[in-house]
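Only the coordinates and a few stated rules stand behind these numbers; no lab work does. It should be emphasised that the depicted structure is a prediction, and the values quoted were computed from it without experimental measurement. Methodologically, a virtual Cβ is constructed for each residue, glycine included, from the backbone with ideal geometry; neighbour enumeration extends over all protein chains shown.
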Amino acid sequence: MKRLLFALSLFVSAAFAADVAKITPADVAKIAPADAAKLVAEGKAVLVDVREANEWAETGVAAPAVLLAKSEFDAGRTGEWKHFLASVGDKEIILACRSGHRAGIVAAALAAEGCKVANAGGFKDWQAASLPVRKADAPAPAK
């Protein structure tokens, strides 16, 4: 009986610890586009647009954004994502997409890995704040 209770308590403890460690998109800090732009301009953060290439081409992108598609992130963070994550250092990673949903998903995954992240919402929010935009095929301004 003691063994059964001990095993049960270990199982409950492990399940509780797993739930505590799980970070959801709702847990990720939200940041206003103007505040995100300020942190990026100060060199304290990097803005990443996680929409897909066709979306970038259709609407343009935030001027300082690094363009890294969520589909590439989901495919194992190889290539450009791997290089980006290795080079970002201690800067905050601020994510954006069309509405903020995909940005929240990527942000939660990165937060679970120990990265400092925030969700700036959607590109429409960036535009509504009258912040600078560029065509997707134009390079981001040098930092």
Q.
For LYS116, give me every one of the lysines with a C-alpha distance below 20 angstrom, ignoring sequence neighbours fewer than eight places off in its own chain.
A. LYS22, LYS30, LYS38, LYS44, LYS70, LYS82, LYS91, LYS143
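Net charge near LEU85: determine it from the other residues with C-beta under 10 Å of the C-beta of LEU85, scoring Lys and Arg +1 and Asp and Glu -1.
Local charge sum for LEU85: 0.
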Q) Among LYS70, LYS82, LYS91, which comes first, second and so on when ranked by fewest other beta-carbon atoms within 10 Å? A) LYS82, LYS91, LYS70
Q. Going by a ≥ b ≥ c, the root eigenvalues of the Cα gyration tensor, does the range 23-134 fall in the rounded group (a/c under 1.5), the prolate group (a/b larger than b/c) or the oblate group?
A. rounded
